[in-house]
Amino acid sequence: MPPSTEYRMDPPSVNAPSISFRRFEISIWVFSSIAALFVASRFIIRIYTKGQLMVNDYFLILALPALFVAAGLLQTVLHDLYDEQAAGIWMDPNESPQPKILAPRLTASMEMLWLTIYCVKFCFLAQFKFHKPPYAYISPYFTRYYWVAIGTCGAAFLFTLIQPIVLCSNAEHCRYFQSTNTGAWETTITAVDIATDLLVISIPILLIYMANFTKSYTIINATFKGLSMFAIAIAATRLALQYSTDLHRIKYISLLFWLFVEAAVALIMASISSYRTVVLDRLAEWERRREGNPSQKKTHGFWPSTRDPHPKFHLRPTDLASDDRSDCVGFTPSPSHAKWIS
């Protein structure tokens, strides 16, 4: 049964959501199911190739239930949320029980979605082990940059969790259901989300740039390690569509829809990134067969470059962002870094 419009105070063209009730309802469960399948595939690859899950995989173990909790909470309030928007004004919590039910569940669902999104960010960051070789010997400045990225993402995560509580601490003081404009808050939180994603992506991209990979391995690594760009694109879409120029306020149905899509897509992209090692292994096997020496396990892209007589580090393509290796075959520190090893 579609949401009623008996409380509409403004023309339907003003308050009608751009996303239909049925589309929203179906989408949250379709995206949740797809995300669960991809996360399961990541774990299967881990068990098959490494025999166990890695540290960064546990962030996804936390993220997936959070996504389903958010889906369940949204399912319980979605009908009332559409009724509220169709009314054109937000009901007085003393006269209607709807805001009293909506406020805590809506806030909790947003918290769970942000938890999912930031778990994915930390999953990507946890792949890098800058406290031990090979990453510890790359550059002291790069190591500081990595820890600054972790600190920035941690601070952004805390700010993001606090924001829904500030805006909607209870039904009587919930700005989601008032005429007050929360555009500045929501725009800031989305900008922080995009900025932290770019910060996370910059680490593997810089590593790829510094390493002496062949062209094919560079393209594969950059593709798989840049998958967060999809989440950034969705966040930018949410930023563009969440504000109503007619009502001069945030359209929370659109915001919630795109926030949920971002959380699910982030999980999917994090899962797909685990396919990188499989693709690289197949590529290496194909190149060995082409060279007529299938028994030789040739490493690609980590030998010293003629342009750099004292290379700082040399990585295999599969060592990049390695959550499955702690060593680096072919690592050759420069004289200025050699003292760190002894």
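The values are calculated or read from the model by the stated rules, or taken from the named source; none is laboratory data. Only a predicted model underlies this, so the values are computations on that prediction, with no experimental measurement involved. So basically every Cβ, Gly included, is an ideal-geometry build from the backbone, and we count neighbours across all protein chains shown.
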### Message
So Asn212 passes all but one of these: (1) in a helix (DSSP H, G or I); (2) touching a residue at least 60 places away in the same chain (Cβ under 8 Å). Which condition number does it fail?
### Response
(1)
### Task
Could you give me the residue pairs with C-beta distances under 6 Å whose first residue belongs to the stretch 223-241 and is under 15 Å from Met269 (Cβ atoms), whose second residue is in a helix (DSSP H, G or I) and among the polar types (S, T, N, Q) wherever it lies, and which are 6+ apart or on separate chains?
Ala235/Thr190
### Summary
The correct count of residues that are surrounded by 15 or more Cβ atoms within 10 Å (Cβ to Cβ) and in a loop (DSSP other than H, G, I, E, B) in the stretch 53-69 is 3
## Note on the structure
Per the list (1) out of contact with any Cys (no Cβ under 9 Å at 6 or more places or on another chain); (2) touching a residue at least 60 places away in the same chain (Cβ under 8 Å), residue check on Ala108 breaks on (2)
### Task
Tell me which residues, restricted to the stretch 98-151, are of a type in the set (Lys, Arg) and at pLDDT below 85.
Lys100, Lys129, Lys132
### Message
part of a helix (DSSP H, G or I) and in contact with a Pro (Cβ under 6 Å, 6 or more places away or on another chain): is that true of Tyr217 in this structure?
### Response
yes
### Summary
All-but-one check, Ile205 against (1) β-branched (Val, Ile, Thr); (2) touching a strand residue (DSSP E or B) at 6+ places or on another chain (Cβ under 7 Å); (3) surrounded by fewer than 17 Cβ atoms within 10 Å (Cβ to Cβ), failing number (2)
### Task
Kindly list the number of the only condition in (1) at pLDDT 90 or above; (2) crowded, with 21+ Cβ neighbours inside 10 Å; (3) in contact with a Phe, Trp or Tyr (Cβ under 9 Å, 6 or more places away or on another chain) that fails for Ala231.
(3)
### Summary
Cβ pairs under 6 Å, 6+ apart or interchain, first in the stretch 127-146 and in contact (Cβ under 8 Å) with a residue 60 or more places away in the chain, second outside any loop (DSSP other than H, G, I, E, B), ordered by first then second residue, are Phe128/Tyr135; Lys129/Tyr135; Tyr137/His337; Tyr137/Trp340
### Query
Yes or no: Phe177 at pLDDT below 80, buried (at least 19 other Cβ atoms within 10 Å of the Cβ) and of a type outside the set (Lys, Arg)?
yes
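Would you call Leu198 in contact (Cβ under 8 Å) with a residue 24 or more places away in the chain, under 21 Å from Ala103 (Cα atoms) and surrounded by fewer than 15 Cβ atoms within 10 Å (Cβ to Cβ)?
On the way: in contact (Cβ under 8 Å) with a residue 24 or more places away in the chain: yes; under 21 Å from Ala103 (Cα atoms): no; surrounded by fewer than 15 Cβ atoms within 10 Å (Cβ to Cβ): yes.
Taking the combined requirement at face value, the residue does not satisfy it.
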### Message
Please determine whether any residue of the stretch 236-245 is in a loop (DSSP other than H, G, I, E, B) and within 23 Å of Phe128 (Cβ to Cβ).
### Response
no
### Query
Gln163 fails exactly one of the following numbered conditions: (1) touching a residue at least 40 places away in the same chain (Cβ under 8 Å); (2) buried (at least 18 other Cβ atoms within 10 Å of the Cβ); (3) over 25 Å from Arg42 (Cβ atoms); (4) in contact with an Asp or Glu (Cβ under 9 Å, 6 or more places away or on another chain). What is the number of that condition?
(1)
### Summary
Condition set surrounded by fewer than 20 Cβ atoms within 10 Å (Cβ to Cβ) and either among the hydrophobic types (A, V, I, L, M, F, W, C) or modelled with pLDDT of 95 or more (or both), scope the stretch 39-52, selection nearest to Val265 (Cα to Cα): answer is Ala40
